[in-house]
Amino acid sequence: MPDQSAVFLVGAGPGDPGLLTLRARALLDEADVIVYDRLVSEEIMALVPKGTARISVGKQPNCHPVPQDEINTLLVRLARAGRKVVRLKGGDPYLFGRGSEEARYLHANGVRFEVIPGVSSASGCSAAAGFPLTHRGLASSVRYITGHCREDTDLDLDWRGLADPDTTLVVYMGMANMTQIAVRLIANGLPETTPAAAISNGTRHDQRRVISTLGEIADTSAAAQLESPVLFIIGRVIELASELGFASGGGVFNVPTKETSLA
Ligand SMILES: C[S@@+](CC[C@H](N)C(=O)[O-])C[C@H]1O[C@@H](n2cnc3c(N)ncnc32)[C@H](O)[C@@H]1O
């Protein structure tokens, strides 16, 4: 029998099963075991055949039930036992997903692996919320940043470079620090009237979006009690939501979006 053992680092996308790649979908059927994160939606897990083993290594914000080094050794152990392992991660495995840490560990331990990219929440959430990430005359670049930092430390980001009105900023893991992020960007010259959006459970049946301004997005999204995961997007492209978004009846949506506020 050919050696099937390998680890497939698979991007599950932001949640809508329709956004899985064909390769990801096929691997869900072929896997012996699925090792999955909290970000992987229930709808996607429902596609996994009933007999396939599943291991949850889900993490809550600020709490890591399964430490990363244990996940790494688990993957090696499963592969060495001859299993075909799908390591299923939310969005894209190589974007703020620790996929590359796992890949390095697998490589160092002589385990075959393959990376299957996924739709990152940046593209999934912006499309589903009704605006693009770039648009001629509104944004000529996009920057993906992490809003997460270790407790008791300040976010160490290039605030001056980020405070660029021609750039769309996508903030992953920004829930806890959105006030600090907005204050720093405004202090470095980004107008507080710059449009800002928070998208919760993007592309899923329970998606919600808040559209506000940089000066108010932290308070508006806190008042809306958005559920994790939440992605923040800042930039003039969000102006297009009133034209292209669900609220205006235009655009193509894969899920209805519950509007919380539209500036
Ligand atoms: C650890 S990062 C993983 C990012 C993932 N690898 C990706 O490419 O989207 C987790 C963050 O991604 C964002 N996120 C992922 N899926 C999301 C979704 N469906 N809706 C909103 N935000 C999402 C949130 O900011 C969340 O805190």
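The values are calculated or read from the model by the stated rules, or taken from the named source; none is laboratory data. Model, not experiment: these values are computed from the prediction. Cβ atoms come from the backbone with ideal geometry, glycine included; neighbour counts cover every protein chain shown. Surface accessibility is based on the protein's heavy atoms, side chains included, excluding ligands, DNA and RNA. Shrake-Rupley method; radii C 1.70, N 1.55, O 1.52, S 1.80 Å.
Do we find a residue being over 14 Å from GLY13 (Cβ atoms), within 9 Å of the ligand (Cβ to nearest atom) and not in a helix (DSSP H, G or I) anywhere in region 72-81? Scanning region 72-81, I find no residue that is over 14 Å from GLY13 (Cβ atoms), within 9 Å of the ligand (Cβ to nearest atom) and not in a helix (DSSP H, G or I), so the answer is no.
A count restricted to region 205-220 and to residues that are open to solvent by less than 30 Å² (accessible area, probe 1.4 Å) and within 10 Å of the ligand (Cβ to nearest atom) stands at 2. Considering only region 102-119, state which residues are open to solvent by 10 Å² or more (accessible area, probe 1.4 Å) and either of a type outside the set (D, E, K, R) or within 17 Å of the chain's Cα centre (by Cα) (or both). Scanning region 102-119 gives TYR105, HIS107, ALA108, ASN109, GLY110, VAL111, PHE113, VAL115, PRO117, GLY118, VAL119. Do we have any residue at all in region 64-77 that's farther than 26 Å from ILE211 by Cα, at pLDDT below 95, touching a strand residue (DSSP E or B) at 6+ places or on another chain (Cβ under 9 Å) and open to solvent by 70 Å² or more (accessible area, probe 1.4 Å)? Scanning region 64-77, I find at least one residue that is farther than 26 Å from ILE211 by Cα, at pLDDT below 95, touching a strand residue (DSSP E or B) at 6+ places or on another chain (Cβ under 9 Å) and open to solvent by 70 Å² or more (accessible area, probe 1.4 Å), so the answer is yes. None of LEU95, LEU88 is closer than 17 Å to ILE55 by Cα, within 12 Å of the ligand (Cβ to nearest atom) and in contact with a strand residue (DSSP E or B) (Cβ under 8 Å, 6 or more places away or on another chain) except LEU88.
Taken over region 119-131, residues that are out of contact with any Phe, Trp or Tyr (no Cβ under 9 Å at 6 or more places or on another chain) and within 30 Å of GLU101 (Cα to Cα) amount to 5.
Filtering region 103-122 down to residues that are away from the ligand (no atom under 12 Å from the Cβ) and in a helix (DSSP H, G or I), which residue is nearest to LEU78 (Cα to Cα)? Out of the qualifying residues, it is LEU106.
Quick check: anything in region 142-150 assigned to a helix (DSSP H, G or I) and out of contact with any helix residue (DSSP H, G or I) (no Cβ under 7 Å at 6 or more places or on another chain)? No, the conditions are met nowhere in region 142-150. Filtering region 82-101 to residues that are open to solvent by 50 Å² or more (accessible area, probe 1.4 Å) and either in a strand (DSSP E or B) or of a type in the set (Gly, Ala, Ser) (or both) leaves only SER100.
Okay, residues lined up against (1) touching a residue at least 60 places away in the same chain (Cβ under 8 Å); (2) assigned by TED's automatic domain parsing to the domain that holds ASP154; (3) under 25 Å from ASP158 (Cα atoms):
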{"residue": "MET178", "(1), (2), (3)": "no, yes, yes"}
{"residue": "VAL183", "(1), (2), (3)": "no, yes, yes"}
{"residue": "ASN201", "(1), (2), (3)": "yes, yes, no"}
{"residue": "ARG208", "(1), (2), (3)": "no, yes, no"}
{"residue": "GLU216", "(1), (2), (3)": "no, yes, yes"}
{"residue": "GLN225", "(1), (2), (3)": "no, yes, no"}
{"residue": "LEU231", "(1), (2), (3)": "yes, yes, yes"}
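The set of residues in region 182-202 that are open to solvent by less than 50 Å² (accessible area, probe 1.4 Å), outside any strand (DSSP E or B) and among the aliphatic types (A, V, I, L, M) comprises ALA182, LEU185, LEU190. When we screen GLY161, GLY137 for residues that are open to solvent by 10 Å² or more (accessible area, probe 1.4 Å), away from the ligand (no atom under 15 Å from the Cβ), part of a loop (DSSP other than H, G, I, E, B) and free of Cβ contacts under 8 Å to residues at least 40 places away in the same chain, the only hit is GLY137.
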